[in-house]
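One structure is given here, and the rest of the page talks about it.
The values are calculated or read from the model by the stated rules, or taken from the named source; none is laboratory data. What you see is a predicted model, and the numbers here were worked out from it, not measured in a lab. Every residue, glycine among them, receives a Cβ derived from its backbone with ideal geometry; neighbour counts consider all protein chains shown. All accessible areas refer to the heavy atoms of the entire protein, side chains included, with ligands and DNA or RNA removed. Shrake-Rupley method; radii C 1.70, N 1.55, O 1.52, S 1.80 Å.
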Amino acid sequence: MDGSGGDRFGRERFGRDRFGIDLNSDVGESFSNWTFGDDAAIFTSVSSANVACGFHAGDPHHIRKTCEAAATAGVAVGAHPGYRDLAGFGRRFIDMDPRELTDEVVYQIGALQGLARAAGTEVRYVKPHGALYNTIVHHAAQAEAVARAVHEVDPNLPILVLPSSEIQRAAEKIGLRPVVEAFADRAYNPDGTLVSRREPGSVLHDLDAIVEHVLRILDGKVHAVDGTVVPISAESICVHGDTPGAVAMAARIRAAITEAGVEIRSFA
């Protein structure tokens, strides 16, 4: 342990002798007769739930069921707003007026707040989804629009971000708490951004490789696709809930983190 209150992994200290990191997962994506992921099973492994808000996935009935399951499991609920793009699952960039984007994000957070409240829980943070998440890494105007939306709804809501991104800078500027996250099952570029899903090898599937990747994250680094070692100081690690084998992957990651002596606990 160093003198800053963290352990050798750089994680925040919880209590007198415990260290912790958050595990988050994208959930609430089932829509009408279509089911995506097993939210209740994922909740046995993660500490935070990024719940779809209806624009890229999810409908009111399934979103409420997901919030109820999260409340039962003691998992923190976060809003997961995206572009209004059901057909593309929110994974396509939309060039839009920043003022309109602010209103659409406010709308989505508000909708989830109502459903979460009805389910006996509350929205405790925000994590943008898909193409919106990746766009606000480098698109200053949209980053500022998203940060403004969160601040207008509740300036106390943290927002999950990639490090050294436009959204991190916009969040800090407006007075939000940015929470740096890393991804358990995604490949990284040398600049610390995520490899596009359009590229081969962008999503990791081998469990042993994923566990090694997560343990490196706990040690404050990731290996980029070109072998570069990229430093990262993450408070949260994302485990995607809609990838094949997601439940087994989340359980394996949770076990590996626990065995490393790190407590899994929500940041929110």
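The phi torsions of the stretch 105-122, fed into the Karplus equation with coefficients 6.51, -1.76 and 1.60 and a -60° offset, translate into couplings of 6, 4, 4, 5, 4, x, 4, 5, 4, x, 5, 5, 4, 5, 8, x, 9, 8 Hz, rounded to whole numbers, with Gly and Pro shown as x. Residues whose amide H comes within less than 5 Å of that of ARG177, counting only those at least five positions distant or on another chain, are ILE159 (H built at 1.01 Å from N in the peptide plane).
In order along the stretch 262-268, the Karplus-derived 3J(HN,Hα) couplings, from 6.51 cos²θ - 1.76 cosθ + 1.60 at θ = phi - 60°, round to 10, 7, 8, 7, 5, 7, 8 Hz, and Gly and Pro are given as x. Within the shell of other residues whose beta carbon sits under 12 angstrom from the beta carbon of ASN189, the net charge comes to -2, with Lys and Arg scored +1 and Asp and Glu -1.
With the full set of protein chains in place, find how many percent of the accessible area of the chain is carbon and sulfur; take the probe as 1.4 Å. Before the final figure, lay out each step's value.
Numbers: 5830 of 11730 Å².
Carbon and sulfur: 50 percent of the exposed surface of the chain.
Amide H contacts of LEU23 (H built 1.01 Å from N, in plane; Pro and chain starts excluded): SER47, SER48, ILE237, ARG265 sit under 5 Å, all sequence-distant by 5 or more or on other chains. Ellipticity at 222 nm from helices only: DSSP H runs of n ≥ 4 in the chain, each -39500 (n - 2.57), divided by the residue count, give -11000 deg cm²/dmol. Per-residue 3J(HN,Hα) values for the stretch 226-234, derived from phi via the Karplus relation 6.51 cos²θ - 1.76 cosθ + 1.60 with θ = phi - 60°, read 8, x, 4, 8, 10, x, 8, 10, 9 Hz in sequence order (x marks Gly and Pro). Amide H to amide H distances under 5 Å link VAL222 with VAL230, ILE232, where only residues 5 or more positions off or on other chains count and H is placed in the peptide plane.
Springs join every pair of Cα atoms under 10 Å in this Gaussian network model of the chain, and among ASP97, ASP22, ASP38 the largest mean-square fluctuation is at ASP97.
Around VAL137, what is the net charge, scoring Lys/Arg as +1 and Asp/Glu as -1 over all other residues with Cβ under 10 Å from its Cβ? Could you put the intermediate results ahead of the total?
Numbers: positive: none; negative: GLU166, ASP191.
Result for the local shell: -2.
Net charge dipole, the chain: roughly 320 debye, given to the nearest 20, about the Cα centre with Cβ charges of +1 for Lys and Arg and -1 for Asp and Glu.
Just check the stretch 64-209 against the gyration tensor rule for me: Cα atoms, a ≥ b ≥ c as the square roots of the eigenvalues, rounded for a/c under 1.5, and otherwise prolate or oblate depending on whether a/b exceeds b/c. Oblate is the answer for the stretch 64-209, as a/c is 1.5 or above yet b/c matches or exceeds a/b. When you restrict to C-alpha pairs under 8 Å that are six or more residues apart and normalise by the size of the stretch 129-183, the relative contact order lands at 36 percent. Comparing ALA71, ALA119, ALA209 in a Gaussian network model of the chain (Cα springs below 10 Å), the most mobile by mean-square fluctuation is ALA209. Applying 0.36 nm per residue to the separation of TRP34 and LYS221 and subtracting their alpha-carbon distance, the gain on full extension is 63.6 nm.
Comparing GLY241, GLY37, GLY78 in a Gaussian network model of the chain where C-alpha atoms under 10 Å apart are linked, the largest mean-square fluctuation is found at GLY37.
I need to check one value: relative contact order of the chain, counting alpha carbon pairs closer than 8 Å and at least 6 residues apart, in percent.
22 percent
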